[in-house]
1. Can you tell me which residue in the range 242-254 is surrounded by the fewest Cβ atoms within 10 Å (Cβ to Cβ), limited to those that are in contact with a Phe, Trp or Tyr (Cβ under 9 Å, 6 or more places away or on another chain) and either within 15 Å of TYR32 (Cα to Cα) or among the charged types (D, E, K, R) (or both)?
2. Identify the residue in the range 65-84 that is among the hydrophobic types (A, V, I, L, M, F, W, C) and either touching a Ser or Thr at 6+ places or on another chain (Cβ under 7 Å) or over 16 Å from PHE13 (Cβ atoms) (or both) and, among all such residues, is surrounded by the fewest Cβ atoms within 10 Å (Cβ to Cβ).
3. Go through ARG151, ARG125 for me and flag whichever is closer than 21 Å to SER82 by Cα and out of contact with any Ser or Thr (no Cβ under 8 Å at 6 or more places or on another chain).
4. Working only within the range 1-44, note down all residues that are of a type in the set (A, V, I, L, M) and part of a strand (DSSP E or B).
5. Inspect the range 134-150 for any residue being in contact with a Cys (Cβ under 6 Å, 6 or more places away or on another chain) and closer than 28 Å to ALA100 by Cα and give the result as yes or no.
6. Every residue in the range 81-114 that is outside any helix (DSSP H, G or I), under 30 Å from PRO22 (Cβ atoms) and of a type outside the set (Lys, Arg), please.
7. Which one of LEU119, LEU89, LEU163, LEU67 is in contact with a strand residue (DSSP E or B) (Cβ under 6 Å, 6 or more places away or on another chain) and among the aliphatic types (A, V, I, L, M)?
8. Need pairs with beta-carbon distance below 9 Å; first residue farther than 23 Å from ASP33 by Cα and at pLDDT below 95 and within the range 228-241, second in a helix (DSSP H, G or I) and among the basic types (Lys, Arg); sequence gap 6+ or separate chains.
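The values are calculated or read from the model by the stated rules, or taken from the named source; none is laboratory data. Everything numeric in this text was worked out from a predicted model, so none of it was measured. Note that we place each Cβ from the backbone using ideal geometry, even for glycine, and neighbour counts take in every protein chain shown.
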Amino acid sequence: MKAYYHLPGLFEFYELYKAFLPLFRERREYFYDWCEIGSVYGAPMDCIWGGGRVGFGDERLENVLSLMREYGISSRLTFSNSLLREEHLADKKCNSLCAAFERNGTVQNGIIVSSDLLLEYLKARYPGFYFVSSTTKVLTDFGQLEAELDREDFRYVVPDFRLNRELARLNVLSEAQKRKVEFLCNECCWFDCYDRKNCYENVSRKSLGEDCEDHVCVSPQAKRGYRFSDAMKNPSFIGTEEIQNTYLPNGFQHFKIEGRGLGSAIVLEFLLYYLTKPQHQLKVREEIYLDGMLDLF
């Protein structure tokens, strides 16, 4: 079975993917043969339907469309704002993005959603997309996850990262349910966080332009920010060995890598760790760093 990675930064890290994707196609021997790129997700800045992270992507739409079409990779718009109201559905920018991405080449594109109001609107107006249930729903109860997996609306469901290790219950899901599970692998959030939903709702308010204070993270290590080395110590972390030896053999194929709000240098480290054979990581890193047009810092 193949593992399919869903990568961050559709608009945010265009320059990184512009350098990385030719390597992934032309020097395939550098990369694990058991994995593929399932999609790249993200959204440009100032999208009121946006959620999860405050978007900062500023790449031109036509460039993003062209790159994803050239490499036959599914694009996912991250429209996971959970606080949308009826009047927000007419937003011109977000509707224009949907119209542009609904049919872009031969690969079907998707939309990550949290709001059922938005989901019903998108299903009716843009039937060419598939839909992903967002991790911003914070589905920490296993029964909630099962119910979400049974919804025909969604091709994939991203559970809260704290369910990653519920293997005894995950492994007895039906094959159809397993095909829809998309694990968030590299979350650095405090495993015992009790305020995650409020954190996401704060982002939703900011995306809507509401005047609100920044969310105060309750993690004891909040001042450290994101560190991949810390994420690897998280009880929910899913590494490459576990993907090969535990998740794939049990029928799970989809893995989401977070990182839209980070820098391209750390996202490159994700690409090296999850997709690149250890003996070729330096070669890939050198190819990327020696691209004079790419600002990694």
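1. Filtering the range 242-254 for residues that are in contact with a Phe, Trp or Tyr (Cβ under 9 Å, 6 or more places away or on another chain) and either within 15 Å of TYR32 (Cα to Cα) or among the charged types (D, E, K, R) (or both), the one surrounded by the fewest Cβ atoms within 10 Å (Cβ to Cβ) comes out as GLN244.
2. Out of the qualifying residues, it is LEU83.
3. After applying the criteria, what remains is ARG125.
4. ALA3, LEU7, ILE37, VAL40
5. Filtering the range 134-150 for residues in contact with a Cys (Cβ under 6 Å, 6 or more places away or on another chain) gives none.
There is no residue in the range 134-150 that is in contact with a Cys (Cβ under 6 Å, 6 or more places away or on another chain) and closer than 28 Å to ALA100 by Cα.
6. GLU102, ASN104, GLY105, THR106, VAL107, GLN108, ASN109, GLY110, ILE111, ILE112 - these are the residues of the range 81-114 that are outside any helix (DSSP H, G or I), under 30 Å from PRO22 (Cβ atoms) and of a type outside the set (Lys, Arg).
7. One residue alone meets the criteria, LEU119.
8. These pairs meet every condition: ASP230/ARG224; PRO235/ARG162; SER236/ARG162.
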